[in-house]
Structures are given as C-alpha cells and as structure tokens.
Amino acid sequence: MEKRMTEQELLESFDTALENGYIFVCYQPKMNHSTGRMIGAEALMRWKDPDYGMQYPSDFVPVLENSGCICAADLYVFEQVCRFQRKCLDSGIRAVPISTNMSRYDVFRENYIEEIEEIRKQYDIPVNLLHVEITESSAIGGMELVKSALDRLHKFGYMVEMDDFGSGYSSLNVLKDLEVDVIKLDMRFLSGNIGGRGGTIISSIVRMTKWLNTPVIAEGVETVTQADYMKSIGCSYVQGYLYSKPVTEDEFIQKLGVLEHEPVGKAMDIVKNMDVGRFWDPQSLETLIFNNFVGGAAIFSYQAGNLEFIRVNSKYMKALGMNMTEKEFLDSDPLAYFDEENKKIYMDALQRAIDTNEEVSCETWRGVCSKTCGSDKICIRSFIRLIGRADEQLVFYAVVQNITTEKKRFDELFKNESRYRAGFEHANMYAWEYDIATKQMRPCFRCMRDLGLPPLLENYPEPAIEMGIFPPEFADTYREWHRKMAEGAEHFEAIVPLTPSRIPFHVRYTTEFDENGRPLKAYGSATLVVDNENN
Ligand code: C2E
Ligand code: CA
Ligand code: CA
C-alpha cells in the first residue's frame, strides 16, 4: 500500500528511517548514446516506509530541506555511495563515477564539503569515482557561496556537474563564473514535442555550452527520437528512462557487469562560426531550446549603424513588458526604446562584444509603451554575444533580465541611506548589517569612522569582541544572539555599555527572512541612551 506521508510524519520518522535503511540509494546509469556505453551513474535517494510504502523525493526532499534535515540525508547518501564504490573495488566489479546531489542548503552549510571529503577518505575511494551535482538554483542565494563550494570541491579533486541547467536561472555568465565540469540539461523542461514549435531560428544552449567547451548530459531522455536529436546536435550523453530507470544496488551491479564502460570525453570543438543551416531550421532542436530553455532571448543583426531584430522568444517580450504582437515588435527599431545616454551604453557593449568575442553585459533603461498602461521606464540587464558575421552584417545573441524592481529598490535604499547618514549624525546612532550564512558584518560609515572598523568584518561578532567594543561580561550574550538569529529569532535588544569608555547604548537587532522563512540577514543598531531616550 502506498500512502503519502505528511510533513510531520516524515520528520518524525526521519531518524528511524535512516537507521533502519528505509532511506536508501538507487542508481541511474548515464550513457553515451553513440556507443551504447555507460559513462557513469547518478545516486538518487529513495524512502520506503514499512507502513506507508514508497515516498517520492519530489515530496520529501523539500520537507527535509525546510527542516534542515537534508544535510544529514545527503551525507548519508554520500556515505552509501562510498560504501558501494568500496564494495565494487574490493570485489572486482568495474566501478564507474557516481554523482550525488548536493542540495542548495548543503551549499549554504559551512563544512559540508569537508564532511564528504572525510567520508571519502574513510572509505579510501579515488576521487574521480565521485562526482557532485549542484543545482543551478543554488546561485539564487548568491554566487559567492556557490563559488566557494565549487572551489573547495575542485581543490579536493571532485568533478562538479551543474544540475537542472536551463530550469530558470540561466545565463552564460553564471556558467562562466562557475567553472563546472559537466552540464546537465533536463529534457523535461522542454515543453511540447521536438520539432513541434513553428519557430524560425536559433542559437541554443547546446551551442552556448560548446562555446564554454563543457560536456553536456541530457537527462530525462525517454525516447529514441529525443536521444537521436541530442546526438545530432553534438550531445551524445544521455540519462533517462530510455536506457534505464533508477535501479536498486543489486540491479545496478548487474548493469555494471553487462554494459561496456567509457569515461566522459572532452567537449566537442568550440564552435567559432555560426551554423547557418541550423540557425534557420524551424524544426531544429536548437529552435525548440531557444523557445523553452533560456530566459528572455533575442537574436538581432547590426549593419551600418542599424539594429534589426531577427528573432525574439516569448519570454523576451514578457521581460520587456511589451504588449505587442511578435510581428509588431520585430518590425520596431531596437534603438528607438533608448534615450541617447542609454543608447551609448548599449552600443558600447556591442562594441566590447565584437572586440572581445566574449559575452558582455550591460544595464540600460528603456522606455516601454503599452496600449493599456501608457508609458514607463524599465531597466534591463543584457548579456550579449557576437554569434556570427556575414559580410558587413554582424549577428548578436542577447539574453535579458528585467531588473527594474531590483534597481528601484536599490535607488530607494541609496536615497534612504543618505537620509540615514544625516539622521545618524543627529541621533547618535550606529548601524550595521549582519549576514547570517556568512557571518559577515558590514558597518555603517560612522562605525568605520568612530570605531575604526573595516568595511567588512568576517566571523562576526568575534572581531568586535576582541576589539573591546563590547564589555567582556556581555560577550557571551552577544554571541548567543547571533546563534539564535541563525535559528530564527526575530528581535533582540538590551542596554549595553559600549566602547572602551563604556558609554551606554541601546542595542537592537532585527532579523530579515527569505520567502521560505529562513533567516537571511540581521540589522543591528546602537543608539546613545542619553541623547535618544530622554527626549
Ligand atoms: P534530479 O537530480 O533532476 O534527478 C533526476 C530525476 O529524474 C529523478 O527523479 C529520476 O528518477 C528522474 N528521471 C530520470 N530519468 C527520467 C525520465 O526519463 N523521465 C522522467 N520523467 N523522469 C526521469 P527522483 O529520483 O524522483 O528525484 C527527483 C529530485 O529529487 C531530483 O532531481 C533531485 O533534485 C532530488 N533528489 C533525489 N535524490 C536526492 C538526494 O540524494 N539528495 C538531494 N539533495 N536531492 C535529491
Ligand atoms: Ca541530479
Ligand atoms: Ca536534474
């Protein structure tokens, strides 16, 4: 009998499930569709409860993530994979590299990577037999943490695969900054049938990944048609039901014995010139990917001072908030939306794209006009790349993000900050921002000026305690505040004698949470008691 467990039931039985092996690992082969050989496998978590039956990762992984249990679960999976690899090595079964999934909460956890490395050493598994998949969406929480995770994984020698590429947060820039070793493109993000959409052109993710020279694995491949298509555009690595569902350890050992193996090869040659045939083929998979995988994207040409749209996808129209038909939009002059200043910014970016042959980015404001809402200004971040030349004509590919809200908020903050600056001087107030995940503290200009603090303090509050800003008898309480904020406490305040001269201040802290209710940042302030509280 199968019955879905509630969140509470899942969390209550989690420990027992780990201890009793109700949580276990299945393996799904990754194949080279051109040779029929196995290139590796992915470890996927399974949970079979004795009373409720099979539970599915799409249901329980989010619950484990929200409760913070996911790290323990992922470490367990990693250890099981090491145990399995050891068994293969010891009993002469030919091993292949196995990837494990690293949740974005593992990325945020300080020592996760050191912990898996410890486990690897315990089982003495060659690091090339263990790959790590990080999901593209980890980058949403900020590139720095993901980058640091990637660097540490690379330092230990792990191959890193970018999972779910194309699910939303895609930009060549993200990929270029994160030097992953393999990209996993999920076929299930493609809506509609291959060749079904009547688009016209294309440059595609697969093509982009060729620029980056990174091998691609297509996952979720269910049919021969899909696999053949992927192969035809130079992507032969596939994972999916076509070859095998995720199977139990014993079944996987069988497959290891039956199937030939081969290592993941180098990526195909970097594509230097545009493939004109594919570019215009409405049936090509690249056309489909253009319409489905990337965010707002456009292809346009430049000749003798004129820009002309060749193709835009629907997300592009949406990002720009254009209430026009595609045809109206394609017929419009791309430069007409800019004023002189922004036009210059944009044209300079195109020039840089031509000069460097690399992806460049720029931020421009442009006017939009809709029949219903009148005119408005929006800010667009564009990532632009030169993809082809034909005689005097240059062809560019651009991915856009509408960052108007972000920009406006920033301007608002900036305005507030100058107001606060003036206010702080009068109110005798010090303020700072504390990042809960990284323990970084950024002080206000007054803290820097009066207390001699640097613009960024690591491992806060230790440096401030060391500097004697807080009295020793308050230090532990203050540390405790920071611990509790990380656990979700919302507010703290106390009167504290601060600085070596022990002047009484009213110290307050307020925590900010993300949309899932996880604590992100805390804002601290210290107001001079005499000045402020007596009026
Ligand atoms: P994912 O990492 O993208 O894993 C691939 C998912 O696609 C797996 O689902 C797999 O069974 C399924 N799949 C493979 N081939 C096909 C196919 O041809 N067609 C279709 N429709 N599906 C296919 P699963 O095992 O249910 O896992 C779902 C998600 O749960 C995973 O997506 C991953 O995000 C998460 N997950 C699974 N195991 C773990 C784990 O150990 N740790 C963490 N943090 N997350 C995990
Ligand atoms: Ca995965
Ligand atoms: Ca995936």
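The values are calculated or read from the model by the stated rules, or taken from the named source; none is laboratory data. Keep in mind that this is a model prediction, so the values were computed, not measured. Positions of Cβ are generated from backbone atoms using ideal geometry, with glycine treated the same way; all protein chains shown enter the neighbour counts. The protein model used for the area step is the full one, side chains on, heavy atoms only, and it has no ligands, DNA or RNA in it. Shrake-Rupley method; radii C 1.70, N 1.55, O 1.52, S 1.80 Å.
This table checks each residue for (1) modelled with pLDDT of 90 or more; (2) assigned to a helix (DSSP H, G or I); (3) under 18 Å from residue 39 (Cβ atoms).
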position: 160; (1), (2), (3): yes, no, yes
position: 175; (1), (2), (3): no, yes, no
position: 191; (1), (2), (3): no, no, no
position: 210; (1), (2), (3): no, yes, no
position: 241; (1), (2), (3): yes, no, yes
position: 245; (1), (2), (3): yes, no, yes
Residue among 94, 109, 152, 86 that is within 16 Å of ligand 1 (Cβ to nearest atom), modelled with pLDDT of 85 or more and basic (Lys, Arg): 109
For residue 91: the one exception among (1) open to solvent by 20 Å² or more (accessible area, probe 1.4 Å); (2) touching a residue at least 60 places away in the same chain (Cβ under 8 Å); (3) of a type in the set (Gly, Ala, Ser): (2)
Residue in the range 109-119 that is over 27 Å from residue 488 (Cβ atoms), of a type in the set (S, T, N, Q) and open to solvent by 50 Å² or more (accessible area, probe 1.4 Å) present: no
Some residue of the range 40-55 being in contact with a His (Cβ under 7 Å, 6 or more places away or on another chain) and either surrounded by fewer than 23 Cβ atoms within 10 Å (Cβ to Cβ) or assigned to a loop (DSSP other than H, G, I, E, B) (or both): no
The one condition in (1) in contact (Cβ under 8 Å) with a residue 24 or more places away in the chain; (2) within 16 Å of ligand 3 (Cβ to nearest atom) that residue 47 fails to fulfil: (2)
Residue under evaluation residue 137, criteria (1) in contact with a strand residue (DSSP E or B) (Cβ under 9 Å, 6 or more places away or on another chain); (2) outside any helix (DSSP H, G or I); (3) modelled with pLDDT under 95, criterion not met: (2)
Every residue from the range 177-189 that is within 13 Å of ligand 3 (Cβ to nearest atom), modelled with pLDDT under 85 and either part of a loop (DSSP other than H, G, I, E, B) or not hydrophobic (A, V, I, L, M, F, W, C) (or both): 186, 188
Strands (runs of 3 or more DSSP E) fully within the range 338-427 counting 3 or more residues that are among the small types (Gly, Ala, Ser) and modelled with pLDDT under 85: 374-390
Helices (runs of 4 or more DSSP H) lying entirely in the range 64-131 (those with 2 or more residues that are within 16 Å of ligand 3 (Cβ to nearest atom) and within 27 Å of the chain's Cα centre (by Cα)): 70-91, 104-108
